[in-house]
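Only one structure is covered here, and it is reproduced in the block below.
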Amino acid sequence: MSHLTNAQIFKAIGLDDSVKPMPKYTLLICSHVLMDWKTWSGQISADQIALASHQSSRQVKRHLKSLVEAGWLTRHAEVRGPGLHHKSSTFLNQDKVRLILERSHDVTEKVSPDVTEKVSPD
């Protein structure tokens, strides 16, 4: 697997059980709206993500912290000047994506076959 496609990134994000839904949403916005799809990186600020995802900057910062801790992103801050918010060089961990995709060959194994029996016909 050389260059990752958008579909592979989406699938890996969805399959990762270690990250909660809102940080996943932040990761999707970060990777698909603000990153360069060829390098899966970009100069991104929490304010940009907040604006694109309609979240507060504080919430985005918490999500970014959890995504870095989970190994999805690496970020290196670059201060632009006094009074200006900083942008961070942000990189998607492509090895994590590949690892998740290799581990889960069939997502249907997560659904038990007796799920339909639990649903009332009414």
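Our coupling estimate for the range 53-59, obtained by passing each phi through the Karplus curve with A = 6.51, B = -1.76, C = 1.60 and θ = phi - 60°, is 10, 6, 10, 7, 4, 4, 5 Hz, Gly and Pro reported as x.
With every protein chain left in place, what is the accessible area of residue 57 in Å² (1.4 Å probe, nearest 10)? Its accessible surface works out to 40 Å², give or take rounding. Backbone geometry of the range 12-23 corresponds, through the Karplus equation with coefficients 6.51, -1.76 and 1.60 at θ = phi - 60°, to 3J(HN,Hα) couplings of 5, 4, x, 7, 6, 7, 7, 10, 6, x, 5, x Hz, x marking Gly and Pro.
Taking the Cα centre of the range 27-70 as origin and charging only Cβ (+1 Lys, Arg; -1 Asp, Glu), how large is the dipole, in debye to the nearest 20?
On the way: 5 positive and 3 negative charges, 27 e Å.
Charge dipole of the range 27-70: 140 debye, to the nearest 20.
Just to make sure I understand: if all protein chains stay in place, what is the order of 22, 35 by accessible area at 1.4 Å, largest first? Don't jump to the answer; show the numbers that get you there.
Numbers: 22 85, 35 15 Å².
Ranked list, largest accessible area first: 22, 35.
The values are calculated or read from the model by the stated rules, or taken from the named source; none is laboratory data. Keep in mind that this is a model prediction, so the values were computed, not measured. A quick note on method: Cβ atoms are made from the backbone with ideal geometry, for glycine too, and the neighbour counts reach across all protein chains shown. Side chains included, ligands, DNA and RNA excluded: accessible areas come from the protein's heavy atoms. Shrake-Rupley method; radii C 1.70, N 1.55, O 1.52, S 1.80 Å.
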